[in-house]
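Data first, discussion second: the structure below is written as structure tokens.
The values are calculated or read from the model by the stated rules, or taken from the named source; none is laboratory data. If you're wondering where the values come from, they're calculated on a predicted model, not measured in any experiment. Neighbour counts run over all protein chains shown; Cβ positions are idealised from the backbone, glycine included.
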Amino acid sequence: MISWFGDLVGEAKKDEGWDVEKRDARTVLFLFGPVQYLRTLMTDQEGTSHYPLDERLASSRISGTSL
């Protein structure tokens, strides 16, 4: 599910003129165990790098453990 949502967010950003830099995995540790998802690093028109899925999920502020 998260992979599908990440693809959807990434495609929307491509339509806005953003470029893909790379794809990598991120692991978040929950009480029930680790969850890994793929994310895409993208660059906007001003040259600033973003992980759109992380920004959308607000997970860029997760310190590594979530409840």
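Things worth noting here:
- Test: residue in segment 41-53 that is in contact with a Pro (Cβ under 8 Å, 6 or more places away or on another chain), surrounded by 13 or more Cβ atoms within 10 Å (Cβ to Cβ), outside any loop (DSSP other than H, G, I, E, B) and modelled with pLDDT under 85: no
- Checking each residue in segment 1-39 for being closer than 20 Å to residue 49 by Cβ, modelled with pLDDT of 85 or more and of a type in the set (Gly, Ala, Ser) picks out only 25.
- Among the residues of segment 19-40, those that are assigned to a strand (DSSP E or B), on the phi < 0 side of the Ramachandran plot and not charged (D, E, K, R) comprise 20, 25, 27, 28, 29, 30, 34, 35, 36, 37, 38, 40.
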